[in-house]
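The values are calculated or read from the model by the stated rules, or taken from the named source; none is laboratory data. Being a predicted model, the structure only gives us computed values, none of them experimental. In this analysis, Cβ positions are derived from the backbone assuming ideal geometry, glycine residues included, and neighbour counts consider all displayed protein chains. Heavy atoms of the whole protein, side chains included, go into the accessibility calculation; ligands, DNA and RNA do not. Shrake-Rupley method; radii C 1.70, N 1.55, O 1.52, S 1.80 Å.
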Amino acid sequence: MTVKRRMVLGSFLAAGAFMGGKVRAAEGGGSNAAPAQPNNAHAEPGNATAPIPQHVHETVADQQYRPKIHFSPPKGFMNDPNGLIFDGRYYHLYYQHNPFGPYAGHVHWGHAVSTDLYTWQDLPIAIHETEAGEAYSGCAILDRDNRSGLFPARTQDKPQPGSVETAAQKAARLLEGKGEQDQRDIDRLAVGPLRGHQKSEYLAALRDDPVAGKDVPVPMAPALPPMAGGLVAIYTRATPQRQTQYLAWSPDGGQTLKDYEGNPVLDIGHNSFRDPKVFWHGPTEKWVMVVVRSREHKVSFYGSFDLKHWMHLSDFGPSGITGVDYECPALAEVEVEGEAPGEKRWVLFVSINPGGPQGGSITQYFVGQFDGERFIPDDTIVDLTDFGKDSYALQTYENMPGKQTVYIAWLDNWQYCEELPNKSWRGIMTLPRKVVLRRDTAGWLRIAQNPYKLEALRKAAIPFPLSRLEAQSSRQVAIPAGEAIELVLDAALEERHNSNLPDGEQGRAGRFVVVFSNRQGESLSIGFDGFSCQLWLDRSNLHGFSHPFFTGTFSSALVPGSRRFKLRIVLDASTLEVFANEGMSVGTALIYPANPLETLSVQVTNAAAVIHKLELYPLRQTVSRLEQN
């Protein structure tokens, strides 16, 4: 940003602050009438009926498909991750949540915290649906210097956030020594709406009692370091007529969020203007907001010095794959591996729904430069974060140690998320993934993503010694029931020497296949084709869920001409995450076997294979949910 531009911005925002009014961006036109744009591209059936849906019976599927290491809501419906931030002690996961039923609608901000990004504890709803609208997606930041002026001066009477007993701590203290029946009673309170309670009664109860599951919440001891400010959330308040950006601040380290009385802080008169992601841009000393004008396929950039007054800086797009709506933008400065120390590029993530190449919702990204005002892509390349179709609306963590780029995404797709076989809860988050940039064989910078510190969950390895597979052979091992597992594989197909072996479905240059199966004949396969050097994922032979949009197979090109490949596969109940070639290709998929998968086999067709590495681990359960009987 030039000095002149910064002076104009400073004068503009100062004038807005002096007059006490909100800055309305010029493109809003100043009209009170919202333009004829849809609210969003997905329906919200939870809003179409009575405020509280009828009784929802838990089924066997609710337990069978509940992940052991992936976060899922205690009850109700969950979609986009929101407000991802590390406060110095706790990782916060806020999320889009309908606490009243397993469908989109009545959007609140659910909340959970963790000290390792895997072991999650539920906390009370952080932002509620109000008469002003639903609480759509947004972010959280640390306003360390109280630039917003939202935080009162710290005194002995008003100590640092987190240093006094909170509702979560009180619940934890009161629950000490209580038995399973008491915890069941608390769980029933948390899912009252699913039992036909009135909405107002439920909301009042939920505010008083934060425990939504079996486990005692983490005692929220002081987490934030001494600072003048604290944790602030910026989110979209949405009605059918208008979407505006709201500001909320936390007096207790993120456990509760209080709306700023001067909301909205940004209103351009649209009802398709949402999902702000805000960060501090050091070189230009201001806050930057990345937000989408969804149906126009534009990512808009705004600047502010105090989080209350915003000035439009620039727009990006339409670009890449437009689909129907742009959603959930994120801009992150990402490390470039293999180049000069400290080398980084900016990566702009933009989710689209519907219209993804695989169908439905997907996330694309652009690599480029950002000067505090404009994002300029390095080239015309656009790529997807996933070759599957069940990773969407990713958000990067704010304030990560070592300035690492780590994100969590919604492990689902809007094409079928409200029709899945589990009934009392719906929605799963991906594993946390660390992102770096790495050059591919053609020299293009692409993201590489891998599970973040998943190794800490490994239990003793399952013995599976294997160094070579002859053509037309296989080996198998039983996998433990009801546990998440991780397979680490480094293999290479040898050149085909026996021309008498069949071609056709066996592959002209051989195929290597990893198969998870059961005695009922269901199978899930991840395979590598030696002729095309491509990877596939096939969930079509699982029989627990059928839907016209539940695509069965996916594929990804790996290194051209290379018959060696690496796989890291994480299987957890109804989730599958495949990381190929150290995260250069990633496939994420929901899976619904009618019966539990029991066996892992590795097999080759008409070429032998050398196994450089094969490790199989059960993973320690980190997320526990108590299903009602």
ask   = For the stretch 398-536, which whole percent of the accessible surface, found with a 1.4 angstrom probe, sits on carbon and sulfur atoms?
value = 48 percent
Per residue accessible area in Å² of the stretch 256-330, where ligands, DNA and RNA are left out and the probe is 1.4 Å = 27 Å²
inquiry  = So with the 1.4 Å probe, I'd like the accessible area per residue for the stretch 60-159, rounded to whole Å².
reply    = 27 Å²
inquiry  = Could you compute how much accessible surface GLU419 exposes when probed at 1.4 Å, giving the result in Å² to the nearest 10?
reply    = 110 Å²
key: Distance violations [Cα-Cα > 21 Å] among LYS258/LYS308; LYS298/LYS389; LYS344/LYS403; LYS403/LYS434   = LYS298/LYS389
query = Got a number for the accessible area of ARG242? Probe 1.4 Å, square angstrom, nearest 10.
reply = 40 Å²
inquiry  = In 10 Å bins starting at zero, report the fraction of Cα pairs in the stretch 97-137 per bin as a rounded %.
reply    = 29, 45, 22, 3
request  = First measure r as the distance between the Cβ atoms of ARG475 and ARG564, then evaluate 1/(1 + (r/R0)^6) with R0 = 22 Å and state the FRET efficiency to the nearest 0.05.
outcome  = 0.70
inquiry  = So if each residue of separation counts as 0.36 nm, and I subtract the Cα-Cα distance between ARG519 and ALA460, what length gain in nm does that give?
reply    = 18.7 nm
ask   = For the stretch 491-629, what is the accessible area per residue in Å² when the probe is 1.4 Å?
value = 39 Å²
